[in-house]
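Below you'll find the structure, written out as C-alpha cells, and then a few comments.
Laboratory data are not the source of any read-out in this text; all were calculated from the coordinates shown. The shown structure was predicted, so the numbers you read here are calculated from the model rather than taken from an experiment. Don't worry about glycine lacking a Cβ; one is built from the backbone with ideal geometry, like all the others, and counts go over all protein chains shown.
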Amino acid sequence: MSEDQVVSAPTDGSDGAGSGGGARGRTVVVAGATSESGVAACAALVAAGAVVVAVGSSEERLAALAERVPGVSTAVCDLTDPAAVTSLAEATGAVDGLVHLVGGWVGGDGITGQTDEGWAAMERSFRTLRNTVRALYPALVASPAGRVVFVSSVSVDAPTASGADYTAAKAASESWLRSLADGFAADQAGLRAAAVVFAVKALVDERMRAASPERRFPGFTDVSTLADAVVALWDSPAAELNGTRRVLT
Ligand SMILES: NC(=O)c1ccc[n+]([C@@H]2O[C@H](COP(=O)([O-])OP(=O)(O)OC[C@H]3O[C@@H](n4cnc5c(N)ncnc54)[C@H](OP(=O)(O)O)[C@@H]3O)[C@@H](O)[C@H]2O)c1
C-alpha cells in the first residue's frame, strides 16, 4: 500500500468519514463483482481512489473485469464455501468495505411454483453474504471507517406469491444486515462502521439500453447510480448510516 493510501483513524474515536477523505485509500472487497453492477461499482471505487479487491467464482470473468477496470485486484473464491471465504479474508488483511452483489433472481408460478432448486439458488446468495460478513467482521471493526452494503429488492416491502423464494432470501439478508449494524454498535465505543441496505426494483445498464433502445426501463436503477451510492458511503459518518435502508431510484 502506498503512503497516500494509508488511512488513519481520527483521534476523536469517530470514523472521520464525511470530513473530506471519502473512499480514497479505503480497501474495499466487492463480492460478486463480474456483473454490470460490479463493473460499475469497481470502476467508481477505483476512480475515487479506493483499493478494490474484486471477487467472483470465475477466473475468466474476473479477467474480463480487470480488462474493463484497470487497477482492480481480483480474487477467485466460491463465496458459498466458508473455508474459502476465511482464506480470502486472511489473504486480504485490512479491509474497510464490503460491497456484496451476489444475487440472482428466481420466480415461480405462485406459491406451489416455488421450487427447491429455486430456493437453493436464492439461499446461496444469502449464504455468501453471511459467509463474507462473518469472515471480514474483525477487519471491518478494526477499520477506521468500515462499510458494508448489500443490494436488496423493493419486493421485500410488498412480497408476491410468484417471488416468494426470492423475496424471502432478500428479507433474510436485510435482517442479517440489521444484526450486523447491531454488532457494529455493540463492538465499537465510538461508532466507525456502518451496515447499509440499498433496495432497488431492478437494475439497468448501458448494454441493456443498447440491446433494447425502444425500452424505457421505468423504475429501474442505473448501475451508475448504485456505484455512486457505494462510493458515497464514505462521505457520511457511520452514525448516520448504520442500520439504514435506502431505496435507490
Ligand atoms: N439485476 C436486477 O435487476 C436486480 C434487482 C433487484 C436486486 N438486485 C440485486 O443487486 C445485486 C447485484 O445484481 P446483479 O444482477 O448485478 O448481479 P448478480 O447477477 O445477481 O450476481 C453478481 C455476481 O455474483 C457472482 N457470483 C455468483 N455466485 C458466486 C459465488 N458462489 N461466489 C462468488 N461470486 C459469485 C457472479 O459472478 P461469477 O459467476 O463470475 O462468480 C455474478 O456476476 C444482487 O444482490 C441482486 O439480487 C438486482
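Where q = 0.09 Å⁻¹, what log10 of I(q)/I(0) comes from the Debye formula for the chain, counting one point per Cα? Calculated log10 I(q)/I(0) at the listed q: -0.37. Considering only ALA193, ALA43, ALA142, the mean-square fluctuation computed in a Gaussian network model of the chain, springs between alpha carbons under 10 angstrom, is largest for ALA142.
Please compute the length gained on full extension between LEU248 and ARG207, using 0.36 nm multiplied by the number of residues separating them and subtracting their Cα-Cα distance.
Values: separation 41, 0.36 × 41 = 14.76 nm, distance 1.99 nm.
Once the chain is fully extended between LEU248 and ARG207, it gains 12.8 nm.
Computed over the chain with a Gaussian network model linking Cα atoms closer than 10 Å, the most mobile of VAL133, VAL151, VAL204 is VAL204.
Counting 0.36 nm for each residue step from THR80 to ASP228 and taking away their Cα separation leaves a gain of 50.5 nm. Take 157-165, 222-230 and order them by the average number of nearby Cβ atoms within 10 Å per residue, most first; the result is 222-230, 157-165. Here the Gaussian network model covers the chain, with springs between Cα atoms less than 10 Å apart; of VAL76, VAL148, VAL52, VAL76 fluctuates the most.
How high is the relative contact order of the range 22-247, given as a whole-number percent (alpha carbon pairs under 8 Å, six or more residues apart)?
22 percent
Only one residue of MET122, SER87, PHE220 has its Cα farthest out toward the positive end of the dipole of the chain, where Lys and Arg carry +1 and Asp and Glu -1 on Cβ, and that residue is PHE220.
For the pair the range 207-235 / the range 121-162, the C-alpha centres are spaced 20 Å from each other.
Taking the centroid of alpha carbons for each part, the range 82-117 and the range 36-73 are 18 Å apart. When each full DSSP H helix of the chain is screened for a Cα extent of at least 24 Å along its own axis and an average Kyte-Doolittle hydropathy of at least -0.5, the helices passing are 116-142, 164-187. For the range 50-148, applying the loop criterion from DSSP together with a ceiling of 15 other beta carbons within 10 Å to the chymotrypsin sites (Phe, Trp or Tyr not before Pro) yields TRP105.
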